[in-house]
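Inspection log for the structure reproduced underneath, given as structure tokens.
The values are calculated or read from the model by the stated rules, or taken from the named source; none is laboratory data. Predicted model only: the values in this text are computed from it and were never measured. A quick note on method: Cβ atoms are made from the backbone with ideal geometry, for glycine too, and the neighbour counts reach across all protein chains shown.
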Amino acid sequence: MTEDKRETAVTTPVRVPKAGGSGERSAIAAAGRAVTKAYGSGETRVLALDAVDVDIARGRFTAIMGPSGSGKSTLMHCLAGLDTVSEGRIWIGDTEITGLKDKKLTQLRRDKIGFIFQSFNLLPTLNAAENITLPMDIAGRRVDRDWLDRVVETVGLAGRLKHRPNQLSGGQQQRVAVARALAARPEIIFGDEPTGNLDSRAGAEILGFLRRSVDELGQTIVMVTHDPVAASYADRVLYLADGRIVDEMLSPTAESVLERMLRFQPGGDPRTPGDSDGRGRAS
Ligand SMILES: Nc1ncnc2c1ncn2[C@@H]1O[C@H](COP(=O)(O)OP(=O)(O)O)[C@@H](O)[C@H]1O
Ligand SMILES: [Mg+2]
């Protein structure tokens, strides 16, 4: 039944990735149908999401871009079950989360979803290793040592595991946050500007690790970013404007993302103020 409901996706049909994802049956890690989110009411009503249809492919890296206030964070929070929708339906894997009771939703978030935030959210009194396994310890889940070793290896943290957050650089702390998200083998990881607080070198390292976790570990990642370079690590970029998905780009490069941003930005290319781009398109 849910399959029928999901046939109306407007974006590119999802192909099953070669890496095979994380061994789940569905090629879709998360889906939304006619997702609408309104804040406030009457005069002050804001439509943050306006009937969004979206499929997130399993084992792929998806970036969400768009101007400030376009609904990126709201979409991510709704998909991740951190926020409720006003209308529409959302699935994580084969489980519809819209309508789930609080307890079930909390459990599903804990078991199936990983988060990486801009501020790393590490506990200062725990060392790196303890921070990484904390969510599993809280959930009372056995830590899969082989997997943990692989994750730690992938994010390049071996040799730093006994360090506390204040003994680590920003980039290293964010690696711990990435490892923490990966360690529990979530069906999907959501990041809201996960490299927003890092210098470009540390950011590039983290994005490289996220990319490798998709290619080598079969992880599914959704990342909100405003940075064309960050977006270029993704397989696909979804563009939001005024609460709608207005465009997508497959196999993005930093150049193609930047070019698109400038084309749609009021005022156009700051490098050629007030001019067209030379190919007949006004800025
Ligand atoms: N808690 C809230 N209360 C009222 N309005 C909100 C709230 N959160 C977001 N909005 C509004 O919803 C729209 C989308 O916000 P958001 O998803 O944060 O955009 P983005 O992440 O793309 O910058 C904006 O107009 C914002 O002001
Ligand atoms: Mg935001």
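Please report, ordered by residue number, the helices (runs of 4 or more DSSP H) entirely within region 124-205 with at least 1 residues that are at negative phi, in contact with a helix residue (DSSP H, G or I) (Cβ under 6 Å, 6 or more places away or on another chain) and charged (D, E, K, R). Working first, answer last.
Values: elements: 128-139, 145-154, 170-183.
So the answer is 170-183.
Filter region 174-231 down to the residues that are within 16 Å of ligand 1 (Cβ to nearest atom), out of contact with any Leu (no Cβ under 8 Å at 6 or more places or on another chain) and among the hydroxyl-bearing types (S, T, Y) and list them by number.
Matches in region 174-231: T225 only.
For region 45-92, please list each of the strands (runs of 3 or more DSSP E) lying entirely inside it that holds at least 3 residues being of a type outside the set (S, T, N, Q) and within 16 Å of ligand 2 (Cβ to nearest atom).
46-57, 61-65
Could you grab me the full set of residues in region 34-80 that are farther than 26 Å from V257 by Cα, more than 11 Å from ligand 1 (Cβ to nearest atom) and either of a type in the set (A, V, I, L, M) or modelled with pLDDT of 95 or more (or both)?
Selection gives A34, T36.
Answer with yes or no whether G156 is of a type in the set (G, A, S) and either over 16 Å from the mean Cα position of the chain (by Cα) or more than 26 Å from W91 (Cβ to Cβ) (or both).
yes
Kindly indicate whether any position in region 224-232 is part of a loop (DSSP other than H, G, I, E, B) and polar (S, T, N, Q).
Yes, region 224-232 has at least one match.
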